[in-house]
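Below is one structure, written out as structure tokens; the observations come after it.
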Amino acid sequence: MITLILGGEKSGKSAWALQRLLQVDGPRLFVGTAMARDMEMRRRIRDHRRLRPPDLPVRETGLELPEVLLQERAGHAAILVDSLDFWLFAAIQADQEARLRAELLEVLGENNETHLIFVSSEIGLGPIQVTPLGRQFVRALGSMNQQMASLADEVVLIVAGLPLRLKGVS
């Protein structure tokens, strides 16, 4: 099963995704994709860590997300990836977006019994980005979110901490 959880900045999507992960019986894994490149991001990552149960295994990853999912899915009932947007931005910066996106989608097409939960920003609701890199990222993430939603069994949009089910189970 694949669940995609979308939402805006500070919408509550990560907290909702964590609760969804904790509902699954069996071994669970949290996969973090954010890089702590500045103090604000370090604080943000620290705050997210505080929300997680101390016994929840965590694996931090960068561009190698597809390989991590291949390695870890056999040993876990559920894996939460928070978040696709940070991973995709890193892939764009490394000029590897097309290859890495194809690898991720291939891994998802081969999913076994592991419940994969992905968090991603619903970014296209804001104003048009000023910079070319910003516009490229918005277009890429919008496209990736659409691809993920088509593959997902469940898609939930989080607004003000409240879930709006767009697809799938309730």
Point to revise | Fraction of beta bridges assigned by DSSP in the chain that are antiparallel (%, nearest 5) | key: 15 percent
Revision key, fill the gap. When the charge dipole of the chain is computed with +1 on Lys and Arg Cβ and -1 on Asp and Glu Cβ about the Cα centre, the Cα farthest towards its positive end, among Leu133, Val24, Ala152, belongs to Leu133
Review point. Simple spin-label model, 7 Å along Cα-to-Cβ: Glu113 to Arg46 in nm?
Key: 4.1 nm
Revision key, fill the gap. Sparse-neighbourhood loop hits (GluC sites (Glu not before Pro), segment 3-101; DSSP loop; Cβ within 10 Å at most 11 others) -> Glu9
Review point. What is the dipole size for segment 12-103, taken about its Cα centre, with +1 at each Lys and Arg Cβ and -1 at each Asp and Glu Cβ, in debye to the nearest 20?
Key: 400 debye
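Can you give the calculated 222 nm mean residue ellipticity of the chain, where each DSSP H run of n ≥ 4 adds -39,500 (n - 2.57) and the sum is split over every residue, rounded to the nearest 500 deg cm²/dmol?
-13500 deg cm²/dmol
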Revision key, fill the gap. Residues whose modelled amide H sits under 5 Å from the amide H of Arg59, counting only those 5 or more places away in sequence or on another chain, are Phe30, Val31, Gly32
Practice item. Compare Leu56, Leu21, Leu151 in a GNM of the chain, Cα atoms joined below 10 Å, and give the one with the largest fluctuation. Key: Leu56
Exercise for review: Would you mind ranking Lys167, Lys10 so that the residue whose beta carbon has the fewest other beta carbons within 10 Å leads the list?
Suggested key: Lys10, Lys167
**Study point:** Residue order, fewest to most beta carbons within 10 Å, for Leu133, Leu18
**Key:** Leu133, Leu18
Point to revise | GNM flexibility winner over the chain from Arg99, Arg37, Arg139 (Cα, springs under 10 Å) | key: Arg37
Practice item. Run the numbers on the chain and let me know its relative contact order in percent, using alpha-carbon pairs under 8 Å that are six or more apart. Key: 37 percent
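All of the numbers you see were taken from the coordinates with simple rules; none came from a lab. Predicted model only: the values in this text are computed from it and were never measured. Positions of Cβ are backbone-derived with ideal geometry, glycine not excepted, and every protein chain shown enters the neighbour counts.
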